[in-house]
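Notes to accompany the following structure.
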Amino acid sequence: MAVETFRTPMLVTAEEAERHAPGLERIWETPPGLWGWLTSVDHKSIGKRYLVTSIIFLILGGLEAAVMRLQLAQPGMHLLSPEAYAQLFTMHGVTMIFLYAFPVLSGFSNYLWPLLLGSRDMAFPRLNAFSYWMFLLAGIAMYVSFLTGRAPDNGWFNYVPYASRGFDPGVNIDAYALGMILLGVSTTVGAINFIVTLIRLRAPGMSLNRIPIIIWGTLTASLANLFAVPAVTLAFVLLWFDRSWGTHFFDSTGGGQPLLWQHLFWMFGHPWVYAIVLPAMGIVSDGLPVFCRRPLVGYSLVALATVSTMVLGFGVWVHHMFATGLPVTSLSFFSSASMVIVLPSAVAVFAWIATIWTGRPRFTTAFLFFAGFVLLFVIGGVSGFMTAAVPADWQLTHTYFVVAHLHYVIIGINVFAVVGGVYMWFPKMTGRFMNETLGKWSFWVMFIGFNIGFFPMHIVGLQGMPRRIYTYPADVGWGTMNLIITHGAYIFAVGVLLFLVNMVVSRIGGKRAGANPWGGGTLEWSVSSPPPPYNFKLIPIVARRHPLWEEELGEGQDRSSTNTRGFLLNHGRETLGTTMLDAEPDVILKMPEDSVMPLLLSLALTAFTTGLLLKLWLLFGIGGGVALLAGIAWLWPQRSLSQIER
Amino acid sequence: MRVVLLSTLLLGIPALAAAGTPLGIFSDSGHDAQEISRLIALFGGVSIAVVVLIALLLASSIWHRRPADTSGGRPQRDEGGLPWIYWGVGISAVVLLICMLFNLGTIAAVARTPDDAAITVQVTAHQWWWEVEYQDPDSHKDFLSANEIHIPAGEKVRILLSSADVIHSFWVPSLAGKMDVIPGQTNVTWVQADQPGTYRGECAVFCGAEHARMEFRVVAQTPKDFEAWKVHQLEDAPQPQDATTLRGRLAFESRCAACHTLRGSSAAGMAGPDLTHLMDRSTLAAGTLPNDMGHLADWIRNPQKQKPGTGMPKVPVSEADLAAIVAYLRTTH
């Protein structure tokens, strides 16, 4: 974005704005066809791409799990070699945690943030497109390795020394390093985009205490990622040095420390797991009010709980390392911190229950997913609380008890919130409802299948079953539970399939939906379904947390003006910049046109990094050169962006 | 009250399921494991009670009776609900604090490695077997074994853990929590078995292809039996008594000595397990196969088929030599 400082925007009525609508359409629309799609910087298009791509990765990760569950259904099965199994469990984790769980939330946030905040786009539209392409290329890079039988095979946390060249000589781990570095770039620029958008692009009047909780969730995750992602990038760069250039950062025979990897990885990894749940919790915090027809109970407490969870989340990483022989005093500190972090989550749980209790629920599919989410959240939370106790963890860590815990929190919190969010916002994105009957079936099959599949994992963990084993003997008593788990997992998969089918058939022939099919109170429901390319004809002026509910809530005299009166900004692609705390109008922000540079730069950087990691120097050189040129072209000052003095 | 009873019942199910399984946590037979089982039972009980309570609250919040809706589905004012958060978080904080104190208490009970351990055993983890060394002040009385650790029952045993290659994890669920084995450092853990018996253990951190087949056994004996066992371990394997076993020893020295030690023969290789008293062990290949004649022959004939990726290569050996080697090894009591 760039700033135009010599013009005051016109404040006009809706009738006057109507006359300018076709012009706005022409200014903001993306030309049809492949080139338009490749060069678009429209946040709605990018958001939908993130959603579709992450769901494809969800399906791939699910297929990996389905094969593993066949292998584990009974003792001594030989469907898969140990190496094949190792690649499957590694790619399952990598796909779900990095290629699905965070990007799907980025997809929602990308699509919704400008609509929720009353803006025409994100702060940096081209950077937005770039973060998507980097994500896609990172995923492709990691899956190409799979197709060549050389996928990462050391678990998603990739402990050294097994990850070092001596024990894992193929390109498997190098592929993982490549993917994570590219993904790190994607996540970092995405985080910067969200933070600056929040600081500068809110509609006038949308002070910080009026933003929806999903904004708090994604904002918190973004700030955290800025600090956490460098740790994992560093870890992979040092690992690459050890593997390729003979250094000994992690190699004890050369004076290095295997535990250094674990510290760096988990300093990133723990905040990351909060990054993949806090925006999802925000979806529920914003969704339950819609279907309970009342504002969220304890908005300020929930916003504070979101931020404090993430802050505390930086102080608990050693709970992944309780069995490594670290001094007991330090373990006690991290154990206590891991228990204290239960409290902000408790704030959110009771806020949700209170909202339902004092509200009037409508049993839509979305509501069912949000309600089911609350129960699964608590089950996942308590198994985490159990493992937070150091001696308990000494029995439970590295077993299926932890697998149960992590799936209850990731599927229960992320997936259930995401699916509920899709049922809620699908009408906004496509102009059509999803089928409610199929929806309810998909909920019950998913909910029941999930619990049958994953609850017994607690038990088989207590029975001593470790993680990451490709088979187990017949005389340890794990066969019954594993068979139940496999059945449950497949039932859950059927539920997910019903959801996917529902999306496809509804996209094609679902019942038409208007601007506000659920009667929601926030700004995204004030524009058409799907929204026009410019989002808002008039930048709205906001007086409350729920601009569309002001008559009913009767909280005072001030009224927001959505669609009645607002700022008309139509001298090219423009939106309004406001001040940080109270969102008073400040500057006009000039937005860029569609551009191919984000795609070109990401392809070039991928070539550059691939060449570096695999020592293909021609690729490295070409990639670097093109990246430099693309970067220059991208940043070249443009008159239309007011980057050149008149 | 109903909540408490329901929780106890629900906790009983996993406990019943877990008890009686050889690698289960609640098969606790050692000091540490018992302390930890108590802690898990407390935390588990609290957890189940919380889940049941929240489920009931959630169900009530959805279905409790409400006055008739006169607003035609329109949203309503922000009426109360904050006390839910205050009470809920307040009670949670109190319960959490009590649990934290129990946690710290249990840490104190199990974390300190005692100074008065009766014996020390050195365990070195390899991909995918466990090397066990007993040291004595008189170094002539040191000896090596593999995959089975004998200890005196009722006494504290210190275990020093080293790794020959990657990270492994030493875990005997019925006796104690696990301790990772990390190259470049020596981690210390301790166990104490109350009663004589055999306690199964396993590797608990992914360490490569055959991580799934890296079991070991802890055999607790009465102090008298343990002393007798130690004396016996120091003896060499018996001399061959007939032509077959003599042929077997010669074949062993020729094909197997590069990696294995077998005192009583000239084999002194250090890459693989010490086989001097192989027949005293209940399994082969770290819990992969039972230790009987047929499985021993299968293992030697093609270890890669039994445990793909294992460190022992398929050494070409004629069937006659194989039978002789097996006959010789069967004398290593």
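Computed from the coordinates by the stated procedures, all read-outs in this text should not be read as laboratory data. Fair warning: this is a prediction, and the values are worked out from it, not measured in the lab. Virtual Cβ from ideal backbone geometry, glycine too; neighbours counted across all protein chains shown.
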*For the range A:312-324, just list the computed ³J(HN,Hα) in residue order, Karplus coefficients 6.51, -1.76 and 1.60, θ = phi - 60°, integers in Hz, with x standing in for Gly and Pro.*
4, x, 7, x, 10, 4, 5, 5, 7, 10, 4, 9, 8
*Cα extents of the range A:319-526 along the three principal axes, largest first (Å)*: 60, 40, 25
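So what is the diffusion coefficient of the range A:534-607 in µm² per second by Stokes-Einstein at 37 °C and 0.692 mPa s, using a Kirkwood Rh over Cα pairs? Intermediate results must be reported in sequence, preceding the final value.
Numbers: Rh = 15.3 Å.
Using the Kirkwood radius from Cα pairs, D works out to 215 µm²/s.
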*Once phi is turned into θ = phi - 60°, what whole-Hz ³J(HN,Hα) does the Karplus curve with 6.51, -1.76 and 1.60 give for every residue of the range A:123-128, x standing for Gly and Pro?*
4, 10, x, 5, 5, 4
*Which ³J(HN,Hα) values in Hz, rounded to whole numbers, follow from the phi angles of the range A:636-643 under the Karplus curve 6.51 cos²θ - 1.76 cosθ + 1.60, where θ = phi - 60° and Gly and Pro get x?*
4, x, 10, 5, 5, 9, 6, 8
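Taking the square root of 5 times each eigenvalue of the Cα gyration tensor, what semi-axes in Å does the equivalent ellipsoid of the range B:243-329 have, largest first?
Values: eigenvalues 63, 41, 36 Å².
Ellipsoid semi-axes (Å, largest first): 18, 14, 13.
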*Sort B:Val46, A:Val460 so that the residue with the fewest other Cβ atoms within 10 Å of its own Cβ comes first and the one with the most comes last.*
B:Val46, A:Val460
*Working from the pairwise distances between different alpha carbons, so that the mean of 1/r is found and then inverted, what is the range A:397-489's Kirkwood radius in Å?*
14.9
*If R0 is 35 Å, what FRET efficiency do you get for B:Lys141 and B:Asp194 from their C-beta distance, rounded to 0.05?*
0.80
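Give me the percent relative contact order of the range A:395-515, please, defined on Cα pairs under 8 angstrom at least 6 residues apart.
Values: 149 pairs, mean separation 50.8, N = 121.
It rounds to 42 percent for the range A:395-515.
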_Once you place label points 7 Å from the Cα toward the Cβ at A:Ala14 and B:Ser318, how far apart are they in nm?_
10.0
*What is the calculated FRET efficiency for B:Asp116 to B:Ala268, with r their C-beta to C-beta distance and R₀ = 41 Å, to the nearest 0.05?*
0.70
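If each residue of separation counts as 0.36 nm, what is the full-extension length gain between B:Thr222 and B:Arg301 once their alpha-carbon separation is subtracted?
Working: separation 79, 0.36 × 79 = 28.44 nm, distance 3.74 nm.
Taking 0.36 nm per residue and subtracting the Cα distance, the gain is 24.7 nm.
Under Stokes-Einstein, with the Kirkwood radius over Cα pairs standing in for Rh, what whole-number D in µm²/s applies to the range A:197-285 at 10 °C and 1.306 mPa s? Kindly include the intermediate steps, with their values, before the conclusion.
Values: Rh = 15.3 Å.
In µm²/s, the coefficient rounds to 104.
List the pairs from B:Lys156/B:Lys307; B:Lys141/B:Lys178; B:Lys224/B:Lys307; B:Lys156/B:Lys224; A:Lys511/A:Lys590 whose alpha-carbon separation is above 27 Å, in the order I gave them.
Values: B:Lys156/B:Lys307 34 Å; B:Lys141/B:Lys178 29 Å; B:Lys224/B:Lys307 37 Å; B:Lys156/B:Lys224 16 Å; A:Lys511/A:Lys590 37 Å.
Cα-Cα > 27 Å for B:Lys156/B:Lys307; B:Lys141/B:Lys178; B:Lys224/B:Lys307; A:Lys511/A:Lys590; rest within.
Among B:His31, B:His150, rank each residue by its count of other Cβ atoms within 10 Å, from fewest to most, as a rough exposure measure. All intermediate terms of the calculation are to be shown ahead of the outcome.
Values: B:His31 19, B:His150 22.
Going from least to most buried by this count: B:His31, B:His150.
Give me the number: length gained by fully extending A:Leu500 to A:Val596, i.e. 0.36 nm times residue separation minus the C-alpha to C-alpha distance, one decimal in nm.
Numbers: separation 96, 0.36 × 96 = 34.56 nm, distance 3.12 nm.
Separation in residues times 0.36 nm, less the Cα-Cα distance, equals 31.4 nm.
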*Hey, rough spin-label estimate for A:Ser81 and A:Lys440, points 7 angstrom out along Cα→Cβ, what's it come to in nanometres?*
5.1
*Which value, in Å³ per residue, describes the convex hull spanned by the Cα atoms of chain A?*
155
_Reachable aspartates and glutamates, given that their alpha-carbon falls under 14 Å from the alpha-carbon of A:Lys440 and they are not under 8 places away in the same chain_ = none
*Amide H partners (placed H, <5 Å) of A:Glu574, local residues excluded*: A:Met591
*Going out from 0 in 20 Å bins, what whole percent of all Cα-Cα distances in chain B drops into each bin?*
25, 43, 20, 9, 2, 0
*Rg over Rh [alpha-carbon atoms, Kirkwood Rh] for the range A:70-210*: 1.14
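Given N residues in the range B:40-197, what is its alpha carbon radius of gyration divided by 2.2 N^0.38 Å? Please list the in-between numbers first.
Details: Rg = 26.7 Å, N = 158, 2.2 N^0.38 = 15.1 Å.
Here the answer is 1.78, to two decimals.
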*Order the peptides A:46-55, B:183-192, A:218-227 from the highest to the lowest mean number of other Cβ atoms within 10 Å of their residues.*
A:218-227, A:46-55, B:183-192
*In terms of modelled amide H atoms, which long-range or inter-chain residues lie less than 5 Å from the amide H of B:Ile151?*
B:Val219, B:Ala220, B:Gln221
*So who's got an amide H within less than 5 Å of the one on B:Trp190, skipping anything under 5 residues away but keeping other chains? H placed 1.01 Å off N, in plane.*
B:Ile159
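What number, in percent, do you get for the relative contact order of chain A if the mean sequence gap of Cα pairs under 8 Å and at least 6 apart is divided by its residue count?
Numbers: 1162 pairs, mean separation 138.5, N = 646.
In percent, rounded to a whole number, it is 21.
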*What is the Å³ per residue value for the convex hull set by the Cα atoms of the range B:119-234?*
93
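Would you mind working out the magnitude of the charge dipole of chain B relative to its Cα centre, with +1 at each Lys and Arg C-beta and -1 at each Asp and Glu C-beta, to the nearest 20 Debye? Mind dumping the intermediate values first?
On the way: 26 positive and 33 negative charges, 248 e Å.
Value, rounded to 20: 1200 debye.
Taking neighbour counts of Cβ atoms within 10 Å as a proxy for exposure, in what order, fewest first, do A:Tyr100, A:Tyr470 appear?
Values: A:Tyr100 27, A:Tyr470 24.
Going from sparsest to densest Cβ surroundings: A:Tyr470, A:Tyr100.
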*Return the distance in nm (one decimal) between the two label points of a simple spin-label model at A:Val144 and A:Ile622, each offset 7 Å from Cα along Cα→Cβ.*
1.2
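Hey, with R₀ at 60 Å, roughly what FRET efficiency would B:Gln241 and B:Ala93 work out to, going by the Cβ-Cβ distance, to 0.05? Don't skip to the answer; put the middle values down first.
On the way: r = 74 Å, r/R0 = 1.23.
Efficiency at R0 = 60 Å is approximately 0.20.
Which number do you get for Rg(Cα) / (2.2 N^0.38 Å) in the range A:478-586? Provide the component values of the computation, followed by the final result.
Numbers: Rg = 22.2 Å, N = 109, 2.2 N^0.38 = 13.1 Å.
Working it through for the range A:478-586, the quotient is 1.70.
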